[in-house]
Amino acid sequence: MNELKLIMNNILKPYSSILFLNNKYAGLFLLLVTFINPSVAISGIISIVFAILFAEIIGLKEAFLAQGFYVYNSLLVGMGIGFIFMPSFLSVLLIAIASSLTLMLSFMLNRLFVGYKIPILSLPFSIVTIFVYLASLKYSNLLSSLVNNANIYDIDLPLIISAFLKSFGTIFFLPNNIAGLMMILLVLYFSRITVVMALVGFYFGVYIHSILIGSFTLALYDPYAFNYILVAIALCGVFLLPTLKNFLLALIGVSISVVLTDSIGMLFNYYAIPVFTMPFNITVITFIFTLSIIAYKEFNLEIKATPELSLSNYLSKYFRFATTSPKISLPFTGQWSVYQVFDDEWTHKGKYKYAYDFVKQKENKNYKNDGLFKEDYYAYGESVVAPVSGYIVDLRSDLVDNDIAVVDRVNNWGNYIIIKSDDGLFVEISHLMQASLLFHIGEYVQVNTIIAKCGNSGYSPEPHIHIQVQELGLIGSFTRFFLFSEYIIDKTLVLNNSPKKNESILATISNKEISSKFLFILDDTFTYEVFEDEKSIDTVEFKVKMDESGEFYLCDKHNNKLYFYNDLKQFYFYNYIGGSSYLKELFILVPRVPFVSGQKITFTDYLPTYLVNSKLKTLLIELISTIKKDVYKQSCEYTFDGLRMSSKYGTVSMEHFHKGPTEIRYNNTKLRRVK
């Protein structure tokens with residue numbers, strides 16, 4: 001039974017992959033739509049069968065076939081042959097040869113492109129089709145089986161509408177209004193953003209083309225205008241996030257594909273070779289390669305089933321975890337004050353503007369007595385801790401600490417240390433005390449480990465800690481933007497932020513007891529008795545499981561999944577898959593648990609919009625978020641005292657020496673742990 005499901009999935013997934021969907025039911029629908037032209041449908045199925053058989057012969061793993069793109073290029077080749085030639089022994093032989101070649105070419109190109117994070121798209125299909133069509137010019141026996149596509153039933157529509165629908169249908173070799181309408185309605189069911197980009201891409205491309213050739217009507221009749229649709233969808237929704245900036249990039253990409261379509265058409269027409277998707281492939285691959293090299297920030301790094309889901313995933317992590325910015329811990333313990341911030345009035349300027357200076361104060365003063373001696377300064381001699389875990393790549397510790405108001409203009413950085421973090425960041429701390437460094441170059445340090453003492457060496461008029469994240473592991477390298485992962489201001493826990501000048505901030509202390517409550521392991525089971533208005537109505541069970549990518553989640557009997565992670569500083573939920581359930585409520589009630597000890601704290605978290613809004617409101621928010629990101633913010637304030645998390649939504653309680661929540665309350669519902 002499982003083997004049959006796998007085979008069906010391998011057959012259906014290529015159909016949905018062509019339209020950037022990842023749904024077997026969408027694949028089944030598209031398969032049925034192709035029977036509008038039986039020759040295309042049958043040839044497509046034959047090509048998939050031969051591709052799968054060939055993969056079995058050469059031992060290609062099922063995991064590769066399950067990705068879809070290895071087979072959908074073979075599917076396109078088969079449908080392309082079926083569009084020209086009726087199924088016959090010769091056409092089936094040609095499909096078998098071409099689909100096998102396409103599968104190997106797909107595998108080869110993917111291995112070549114994957115290092116550059118470039119998708120192969122339908123490039124294997126475009127390449128193989130050139131050779132197939134050239135070769136078919138010599139195969140006179142095939143000419144007797146040419147397809148008469150004019151006999152396929154269709155409906156009459158105004159040209160302005162028909163042109164779009166036929167172009168959309170042509171993606172599946174079905175230049176037909178009925179096929180195009182059925183396909184666009186299918187896509188609309190899954191993604192409104194994709195439909196918008198399809199419409200914008202097509203009509204903008206036609207408009208640009210009409211300007212170049214001098215006729216809007218002729219531009220509408222272009223049989224390869226579907227390239228504009230594919231380019232727009234790929235560059236604003238699939239490989240790039242659906243944002244305003246990427247919308248503009250998509251329009252530029254469509255304009256480029258217009259010129260490429262005409263130029264390739266002129267070249268290919270000499271040998272009567274169709275253009276097919278070559279302009280789309282060249283345009284999108286060029287964009288993605290270029291943008292990946294320059295580390296473009298609005299890449300869709302986690303491609304989901306639809307652009308809406310990709311955008312929701314990105315914005316949720318963007319607001320909750322500041323995923324686009326480097327983050328480090330504070331380089332000290334206890335309470336310190338911010339002396340200089342980014343691009344400040346003194347030394348943090350130009351290429352060195354991304355840096356912070358911290359001093360220690362008591363009663364709003366940096367020193368005791370008159371501050372004539374460095375020993376009078378509260379910061380002097382205080383411990384400096386590693387802000388990241390990583391290897392020490394450079395340091396210096398031989399310089400004498402300056403007297404107050406005296407600076408060393410030759411050795412600006414003074415005594416320093418540079419750590420290369422596990423994430424590849426280079427973090428530099430300056431003005432350390434002479435001979436106070438406790439580690440050597442090449443040694444590994446853990447975050448929050450004492451590494452030195454605060455001094456007054458280098459260009460430093462008074463003792464302070466200078467910290468920056470920089471481009472390279474060399475002293476004097478240019479700085480880059482960063483955030484501090486967590487700190488406390490007046491009992492408010494601030495996450496992934498930049499403290500303001502003169503703010504007094506407290507470094508957090510990790511609480512191992514709280515951390516131990518959330519060290520969930522595989523098959524951990526949590527059973528709760530459910531009460532409504534204090535009346536027992538049910539019993540539920542949450543079990544820890546792991547998916548094929550190694551991510552852990554809580555699962556109930558209805559297969560709702562709540563994904564979580566423990567980074568040793570906090571426990572948090574980050575994704576929910578399922579319908580209305582107690583697990584969904586748990587995400588809302590306790591989206592994260594900071595492992596902070598010593599006091600009652602408040603903090604703000606941003607919930608994914610689908611957790612707290614209706615489907616219609618979520619749909620509207622996701623559409624507006626493509627233009628204005630802040631609309632996606634669904635903030636909520638939480639209070640945590642180490643054993644109890646509370647918010648406007650309800651409370652979650654824990655107990656000493658027990659793993660996980662022991663009581664969950666919201667509205668009139670209570671879940672009590674069965675021990």
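Let's see how each residue does on (1) under 19 Å from Glu486 (Cβ atoms); (2) in contact with a strand residue (DSSP E or B) (Cβ under 6 Å, 6 or more places away or on another chain):
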{"position": "Thr347", "(1), (2)": "no, no"}
{"position": "Lys351", "(1), (2)": "no, no"}
{"position": "Lys362", "(1), (2)": "no, no"}
{"position": "Tyr377", "(1), (2)": "no, yes"}
{"position": "Glu382", "(1), (2)": "no, yes"}
{"position": "Pro387", "(1), (2)": "yes, yes"}
{"position": "Leu395", "(1), (2)": "no, yes"}
Legend entry - Subset of the stretch 327-343 [in contact with an Asp or Glu (Cβ under 8 Å, 6 or more places away or on another chain) and open to solvent by less than 20 Å² (accessible area, probe 1.4 Å)]: Ser329, Phe332, Ser337, Val338, Gln340
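Return yes or no: is Asn246 open to solvent by less than 10 Å² (accessible area, probe 1.4 Å), in a helix (DSSP H, G or I) and touching a strand residue (DSSP E or B) at 6+ places or on another chain (Cβ under 8 Å)? Step through it out loud before you land on a result.
Values: open to solvent by less than 10 Å² (accessible area, probe 1.4 Å): yes; in a helix (DSSP H, G or I): yes; touching a strand residue (DSSP E or B) at 6+ places or on another chain (Cβ under 8 Å): yes.
It is true that Asn246 is open to solvent by less than 10 Å² (accessible area, probe 1.4 Å), in a helix (DSSP H, G or I) and touching a strand residue (DSSP E or B) at 6+ places or on another chain (Cβ under 8 Å).
Here are Ile328, Ile285: which of them is under 30 Å from Pro463 (Cα atoms), modelled with pLDDT of 95 or more and within 22 Å of the chain's Cα centre (by Cα)?
Numbers: Ile285 fails: under 30 Å from Pro463 (Cα atoms).
Being under 30 Å from Pro463 (Cα atoms), modelled with pLDDT of 95 or more and within 22 Å of the chain's Cα centre (by Cα) holds for just one of Ile328, Ile285, which is Ile328.
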Legend entry - Candidate set: the stretch 213-233, residues that are over 23 Å from Thr194 (Cα atoms) and not in a helix (DSSP H, G or I); chosen: the one least open to solvent (accessible area, probe 1.4 Å): Ser215
Legend entry - Residue that is of a type in the set (S, T, N, Q), touching a Phe, Trp or Tyr at 6+ places or on another chain (Cβ under 8 Å), assigned to a loop (DSSP other than H, G, I, E, B) and buried (at least 17 other Cβ atoms within 10 Å of the Cβ), where the choices are Asn402, Asn456, Asn448: Asn456
Legend entry - Cβ pairs under 8 Å, 6+ apart, first in the stretch 212-224 and more than 13 Å from Ile160 (Cα to Cα), second of a type in the set (A, V, I, L, M, F, W, C) and open to solvent by 80 Å² or more (accessible area, probe 1.4 Å): Leu212/Val259
Legend entry - Residues of the stretch 358-388 classified as surrounded by fewer than 19 Cβ atoms within 10 Å (Cβ to Cβ) and either at positive phi or not aromatic (Phe, Trp, Tyr) (or both), total: 14
Legend entry - Residues (touching a residue at least 40 places away in the same chain (Cβ under 8 Å) and either within 23 Å of the chain's Cα centre (by Cα) or in a strand (DSSP E or B) (or both)) located in the stretch 532-568: Glu532, Thr539, Val540, Phe542, Phe564, Asn566, Leu568
Inset, instruction - Taking Ile514 as the residue in question, decide whether it is in contact (Cβ under 8 Å) with a residue 60 or more places away in the chain, crowded, with 19+ Cβ neighbours inside 10 Å and closer than 27 Å to Tyr606 by Cβ. - result: yes
Inset, instruction - Go through the residues of the stretch 619-626 one by one and say whether even a single one is open to solvent by less than 20 Å² (accessible area, probe 1.4 Å), in contact (Cβ under 8 Å) with a residue 24 or more places away in the chain and either part of a loop (DSSP other than H, G, I, E, B) or under 21 Å from Thr651 (Cα atoms) (or both). - result: no
Legend entry - From Arg644, Arg665, residue being open to solvent by 80 Å² or more (accessible area, probe 1.4 Å) and under 19 Å from Asp533 (Cβ atoms): Arg665
Inset, instruction - State all residues of the stretch 69-93 that are hydrophobic (A, V, I, L, M, F, W, C), touching a Ser or Thr at 6+ places or on another chain (Cβ under 7 Å), part of a helix (DSSP H, G or I) and open to solvent by less than 20 Å² (accessible area, probe 1.4 Å); if no residue qualifies, say none. - result: Leu75, Leu76, Val77, Met79, Ile81
Legend entry - Unmet requirement for Gln468, which otherwise passes all of (1) touching a strand residue (DSSP E or B) at 6+ places or on another chain (Cβ under 7 Å); (2) modelled with pLDDT of 95 or more; (3) surrounded by fewer than 16 Cβ atoms within 10 Å (Cβ to Cβ); (4) not acidic (Asp, Glu): (3)
Inset, instruction - Examine the stretch 569-577 for a residue that is hydrophobic (A, V, I, L, M, F, W, C), within 23 Å of the chain's Cα centre (by Cα), modelled with pLDDT under 95 and surrounded by fewer than 17 Cβ atoms within 10 Å (Cβ to Cβ), and state whether such a residue exists. - result: yes
Inset, instruction - Go through Val259, Val254, Val275 for me and flag whichever is hydrophobic (A, V, I, L, M, F, W, C), out of contact with any strand residue (DSSP E or B) (no Cβ under 7 Å at 6 or more places or on another chain), under 26 Å from Ser167 (Cβ atoms) and part of a loop (DSSP other than H, G, I, E, B). - result: Val275
Inset, instruction - Considering each residue of the stretch 64-103, count those that are under 15 Å from Ser122 (Cα atoms), modelled with pLDDT of 90 or more and in contact with a Pro (Cβ under 9 Å, 6 or more places away or on another chain), and give that number. - result: 9
Legend entry - Set Tyr318, Tyr391, Tyr314: member being open to solvent by 70 Å² or more (accessible area, probe 1.4 Å), closer than 30 Å to Leu616 by Cα, of a type in the set (Ser, Thr, Tyr) and not in a loop (DSSP other than H, G, I, E, B): Tyr318
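Out of the residues in the stretch 177-192 that are open to solvent by less than 10 Å² (accessible area, probe 1.4 Å) and in contact (Cβ under 8 Å) with a residue 24 or more places away in the chain, which is farthest from Cys236 (Cα to Cα)? Even if it seems obvious, please write down each step before you answer.
Taking the stretch 177-192 as the starting set, the residues that turn out to be open to solvent by less than 10 Å² (accessible area, probe 1.4 Å) are 177, 179-180, 183, 187, 191.
Right, trim to in contact (Cβ under 8 Å) with a residue 24 or more places away in the chain and you get 179, 183, 187, 191.
On the way: Ala179: 24, Met183: 19, Val187: 15, Ser191: 13 Å.
The qualifying residue farthest from Cys236 (Cα to Cα) is Ala179.
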Legend entry - the stretch 344-357, subset among the charged types (D, E, K, R) and open to solvent by 50 Å² or more (accessible area, probe 1.4 Å), residue nearest to Leu330 (Cα to Cα): Lys353
Inset, instruction - Within the stretch 116-136, identify whether any single residue is farther than 22 Å from Phe172 by Cα and either among the β-branched types (Val, Ile, Thr) or surrounded by 18 or more Cβ atoms within 10 Å (Cβ to Cβ) (or both), and answer yes or no. - result: yes
Legend entry - Failed condition for Leu30, given (1) modelled with pLDDT of 90 or more; (2) within 22 Å of Asn110 (Cβ to Cβ); (3) part of a helix (DSSP H, G or I): (2)
Inset, instruction - Kindly list, by first and then second residue, each pair from a residue in the stretch 592-607 that is in contact (Cβ under 8 Å) with a residue 40 or more places away in the chain and more than 17 Å from Ser485 (Cβ to Cβ) to a residue that is part of a strand (DSSP E or B) and aromatic (Phe, Trp, Tyr), limited to pairs with Cβ atoms under 8 Å and residues at least 6 apart or on different chains. - result: Lys600/Phe640; Thr602/Tyr638; Thr602/Phe640
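The values are calculated or read from the model by the stated rules, or taken from the named source; none is laboratory data. All values reported here derive from a predicted model rather than from experimental measurement. When we count neighbours, we look across all protein chains shown, and the Cβ atoms used for this are built from the backbone with ideal geometry, even at glycine. The protein model used for the area step is the full one, side chains on, heavy atoms only, and it has no ligands, DNA or RNA in it. Shrake-Rupley method; radii C 1.70, N 1.55, O 1.52, S 1.80 Å.
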